[in-house]
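Below is one structure; the comments refer to it alone.
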Amino acid sequence: MLRIGLTGGIAAGKSVVAERLGELGAHVVDHDVLSRRVVEPGSAALVEIVHAFGDQVVVRGELDREALGKLIFGDNRARERLNGIVHPYIEAMAAAMDKQARAAGEAVVVHDIPLLVETGQGGAFGLVVTVAAPVEVRLKRLMETRSMLHDHAQARIDSQATDEERAAVADFVFDGSGTREQLRAQVDEFWAIHVPQ
């Protein structure tokens with residue numbers, strides 16, 4: 001089984017790459033989805049988050065992501081504290097899904113991990129790929145597609161590793177600065193070269 005770690009900065013095009021890899025036959029484990037599952041109402045992770053940040057981050061028993069985001073973006077210590085709570089749960093769930101994929105005979109498993117570099121997981125994969133795009137392109141996308149204010153978008157970008165830091169651990173770098181179709185074409189080329197047929 002080929003295990004690929006996929007990462008990339010916010011709004012660089014990582015989800016386009018993940019989607020196309022899935023269409024080509026990879027089993028995609030989306031760590032963003034797992035990050036939402038591990039903080040569902042009643043979860044141990046949510047209890048720990050409330051203990052760490054107070055009940056203002058919960059509305060009607062559910063995590064208030066916007067309230068939590070205001071606390072952690074721009075505050076490195078608070079963000080590291082949150083990551084220290086949720087990442088072990090995410091990694092345990094991802095490991096279980098990886099085991100299931102192996103048992104099912106999946107040939108290629110892609111772990112879509114936004115914070116792969118920040119969490120030091122690069123060495124866990126046969127291949128690491130990242131998606132890079134200039135900060136100004138990513139800012140524009142965040143403001144247009146997610147209606148973020150410039151400062152909020154910049155804070156999200158600043159909270160992550162740089163393209164250079166991601167490229168340093170990657171075996172392959174996709175250029176996410178162009179169109180969706182251009183990025184999908186790059187994925188097709190990558191698949192043809194790097195994935196055993």
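The values are calculated or read from the model by the stated rules, or taken from the named source; none is laboratory data. Predicted model only: the values in this text are computed from it and were never measured. Every residue, glycine as well, gets a Cβ built from its backbone with ideal geometry; the counts of neighbours run over all protein chains shown.
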Filter result for ALA78 (in a helix (DSSP H, G or I) and over 19 Å from ARG156 (Cβ atoms)): no
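How many residues does region 28-45 hold that are among the charged types (D, E, K, R) and either over 18 Å from VAL17 (Cβ atoms) or in a loop (DSSP other than H, G, I, E, B) (or both)? Before you say what the answer is, go through the steps one by one.
Initially, region 28-45 is screened for residues among the charged types (D, E, K, R), giving 30, 32, 36-37, 40.
Within this subset, residues satisfying the condition of being either over 18 Å from VAL17 (Cβ atoms) or in a loop (DSSP other than H, G, I, E, B) (or both) are 36-37, 40.
Here the count works out to 3.
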So in region 67-87, with the set limited to residues that are exposed (fewer than 14 other Cβ atoms within 10 Å of the Cβ) and modelled with pLDDT of 90 or more, which one is farthest from VAL47 (Cα to Cα)? ARG77
If the Cβ limit is 9 Å and pairs must be 6+ apart or interchain, which residue in region 145-157 that is within 13 Å of ALA11 (Cβ to Cβ) pairs with which residue that is at pLDDT below 90 and in a helix (DSSP H, G or I)? MET148/ARG156; HIS152/GLY69; ARG156/GLY69
Please work out if VAL135 is at pLDDT 95 or above and within 23 Å of VAL33 (Cβ to Cβ). no
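When you look at VAL86, is it among the β-branched types (Val, Ile, Thr), within 19 Å of the chain's Cα centre (by Cα) and in a helix (DSSP H, G or I), yes or no?
On the way: among the β-branched types (Val, Ile, Thr): yes; within 19 Å of the chain's Cα centre (by Cα): yes; in a helix (DSSP H, G or I): yes.
When the stated conditions are applied, VAL86 passes them.
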Region 91-197: helices (runs of 4 or more DSSP H) wholly inside it with 1 or more residues that are aromatic (Phe, Trp, Tyr) and surrounded by fewer than 18 Cβ atoms within 10 Å (Cβ to Cβ) are 180-194
